[in-house]
Amino acid sequence: MSITVGVLALQGAFYEHVQLLKQAAANLATETHASPKWEFIEVRTPQELDRCDALILPGGESTTISLVAARSNLLEPLRDFVKVHRRPTWGTCAGLILLAESANRTKKGGQELIGGLDVRVNRNHFGRQTESFQAPLDLPFLNSCGKDQPPFPAVFIRAPVVEKILPHEEGIQTSEVGRDETVVAPSKHVKDQAALDAMATQVEVLATLPGRAAKLASEGRNIDADKEAGDIIAVKQGNVFGTSFHPELTGDARIHSWWLRQVEESVRRRRKLRATLVDALHYRKTIQRILMCVILDEAEATGCLRKSVESHHKPFNFSTSVSIIHESVPLLCRKN
């Protein structure tokens, strides 16, 4: 099985993501003999996006990325990828902002959102570039087989945080529209059953930055995370995953490995469902052809060919098909 993962390459740390994805894929290949064939590509056009089974939105300048995406006719395809087709998508830092349904500290018309996560993000929560910091974080979602992982060296650069988990709404986040200096993502509706299966109405909080650590972070100091409650910095909702920090700048591929496992599971489920639907459609068409032959054979035997053909210009359904079989089989048995 081959899987193509794209990294949006309009601005930001896309190259670093590609390198860690390759490292993560190599690590996964040593863990299992059934590892898929991975392809990692940089995405700058709708055509390149169409090739992707999954996508990463890198850290950078979210306003710049959204503006370039709009001018490249890529913004709407990105929204369709995330919210209509519901393919696996991960946003880091600026990518998290773009994937939020609501973002504050933003002037109307100055920032476009893709959406997909029912959250409100607070842009540049920790301050300016000079107030960037690194914090070793305990990330329980990385633990596998009951084995605890060492802290992850999270890098925060003008990082956003999830300020509020929003209630899930089928359309636009109406409660957010009237807020000052807040932009809201447009509404999109899922396309098919595979997209519905990938959706989730609840946002999972996967990591927080403890309160005392957040205070020290404002002083631009390296810190040690503790057990205090704090800012939400990693979330997941169905097919969408977001982190406030920059895993791609660490050289640590554990989160990329974890996410590729999520992608593989999602792609396998989607392709299995697609194959099931194709088989069901093929079976339905086969049954319809058989029934038509039976009906025409019956009609010919009873002298009602014209009437039978005219009556079956209407679409078949399973209830009429079963009824026709029940009526036709006895006639065929008597005939033979």
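The values are calculated or read from the model by the stated rules, or taken from the named source; none is laboratory data. From a predicted model like this one, the values you see are computed outputs, not experimental measurements. Please note: Cβ atoms are built from the backbone with ideal geometry, for glycine as well, and neighbour counts cover all protein chains shown. All accessible areas refer to the heavy atoms of the entire protein, side chains included, with ligands and DNA or RNA removed. Shrake-Rupley method; radii C 1.70, N 1.55, O 1.52, S 1.80 Å.
Overview of values
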{"quantity": "Test: residue in region 7-16 that is under 21 Å from Ser187 (Cβ atoms), in contact with a Leu (Cβ under 8 Å, 6 or more places away or on another chain) and surrounded by fewer than 20 Cβ atoms within 10 Å (Cβ to Cβ)", "calculated": "no"}
{"quantity": "Residue under evaluation Val121, criteria (1) in contact with a Gly (Cβ under 9 Å, 6 or more places away or on another chain); (2) modelled with pLDDT of 95 or more; (3) more than 19 Å from Leu249 (Cα to Cα), criterion not met", "calculated": "(2)"}
{"quantity": "Helices (runs of 4 or more DSSP H) completely within region 51-114 that count 3 or more residues being open to solvent by 30 Å² or more (accessible area, probe 1.4 Å)", "calculated": "62-71"}
{"quantity": "Looking only at region 26-49, and only at residues there that are modelled with pLDDT of 95 or more and not in a strand (DSSP E or B), the one that is most open to solvent (accessible area, probe 1.4 Å)", "calculated": "Gln47"}
{"quantity": "Evaluation of Gln202 against (1) at pLDDT 90 or above; (2) assigned to a strand (DSSP E or B); (3) of a type in the set (S, T, N, Q) (one fails), failing number", "calculated": "(2)"}
{"quantity": "Subset tally (residues that are under 19 Å from Thr106 (Cβ atoms) and surrounded by fewer than 18 Cβ atoms within 10 Å (Cβ to Cβ)) for region 183-203", "calculated": "2"}
